[in-house]
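Working notes, beginning with the structure itself.
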Amino acid sequence: MNGIALTGLIVVGIASILLIIFSVIFRFRQGYQARSDHGTEQMMQSHVASMESGQYQAVVMGNQLLSRTYPGLGLHALSVLPVFLSPEIGMDGGLTIAGGEGSLAVFARQIVQDRYQDEFSFTLHQLTRTNNFPGPTRFSFTAGFLPMLSANQHRLLSLFGNYGPEALLWAAEVQAEGGHVFAAAGTLASQASLFLQVRDLLIGESVFMLPGLIDPSSRDRATWLTEDILRTGLIIFLIVAAILKMMGVI
């Protein structure tokens, strides 16, 4: 076994041990508080304010469930959706859930109902005003979604999943009416288009941290602390190695 493989095994072993130790510790004690995001906190505050004031809010699930270029973004959007569902908002029409692919719309509807009923549910079928499928392509989705946003003033627009630069039009429409926009931009095109328009914007690995940022579990906190320890250790190791290299020790 060469040195690189041995080093990799050591790092994996250390990470596994730290994860187990911190998961046990954080299960019984207050967790790691270093990770927080102002944009996520603002989104949840706007979500609660929308329900309390009876204003509309919209959640976009993206336009692809599965993608070779950006795998996991569609599933990530579905994993975040339950955060917005509550008895207060489930049936009053105040929440619009929009997806640009049929499979996304179907899974989102099942999450809203939270169960299957003999492969078809009449109750689920009646939730059309909550779950929407504006269009099957990027352009048709935008053409169908913009009138929905302009028909009612939205307090909050939350963007998740796989979407492109067309999101700039959705954000501009809601912001023009004084609404708040939160975006978890997983694609490069969406990041570039929303960077200057949306203040509360998640990019990179932060996108996949979102469920833990909203409702952190002991496992999330253990993962973050382990990641920070390994990252800090790697930085220190590189600095020390560079100094030793300049001194001619190695």
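The values are calculated or read from the model by the stated rules, or taken from the named source; none is laboratory data. Everything numeric here is computed off the predicted structure, so don't read it as measured data. No Cβ is skipped: glycine too gets one built from the backbone with ideal geometry, and neighbour counts run over all protein chains shown.
Among the residues of region 160-185, those identified as hydrophobic (A, V, I, L, M, F, W, C) and under 18 Å from Gln55 (Cβ atoms) are Trp170, Ala171, Val174, Ala176, Val181, Phe182.
Screening Leu149, Leu124, Leu156 for residues that are modelled with pLDDT under 80 and either on the phi < 0 side of the Ramachandran plot or surrounded by 12 or more Cβ atoms within 10 Å (Cβ to Cβ) (or both) leaves exactly one candidate, Leu124. Among the residues of region 145-173, those identified as in a helix (DSSP H, G or I) and farther than 15 Å from Ile97 by Cβ are Leu146, Pro147, Ser150, Ala151, Ala167, Leu168, Leu169, Ala171, Ala172, Glu173. Restricting attention to region 204-250, the residues that are assigned to a loop (DSSP other than H, G, I, E, B) and either within 28 Å of the chain's Cα centre (by Cα) or touching a residue at least 60 places away in the same chain (Cβ under 8 Å) (or both) add up to 3. Here region 100-121 is the region considered, the condition is being modelled with pLDDT of 75 or more and in a loop (DSSP other than H, G, I, E, B), and the residue that is surrounded by the fewest Cβ atoms within 10 Å (Cβ to Cβ) is Glu101. For region 41-61, a residue qualifies if it is in contact with a strand residue (DSSP E or B) (Cβ under 9 Å, 6 or more places away or on another chain) and either β-branched (Val, Ile, Thr) or not in a helix (DSSP H, G or I) (or both), and the qualifying residues are Gln55, Tyr56, Gln57, Ala58, Val59, Val60, Met61. Looking only at residues in region 4-63 that are under 24 Å from Pro147 (Cα atoms), in contact with a Leu (Cβ under 6 Å, 6 or more places away or on another chain) and of a type in the set (Ser, Thr, Tyr), the one that is modelled with the lowest pLDDT is Ser50.
Within region 171-183, identify whether any single residue is of a type in the set (D, E, K, R) and buried (at least 19 other Cβ atoms within 10 Å of the Cβ), and answer yes or no. So far as region 171-183 goes, yes, one or more of its residues are of a type in the set (D, E, K, R) and buried (at least 19 other Cβ atoms within 10 Å of the Cβ).
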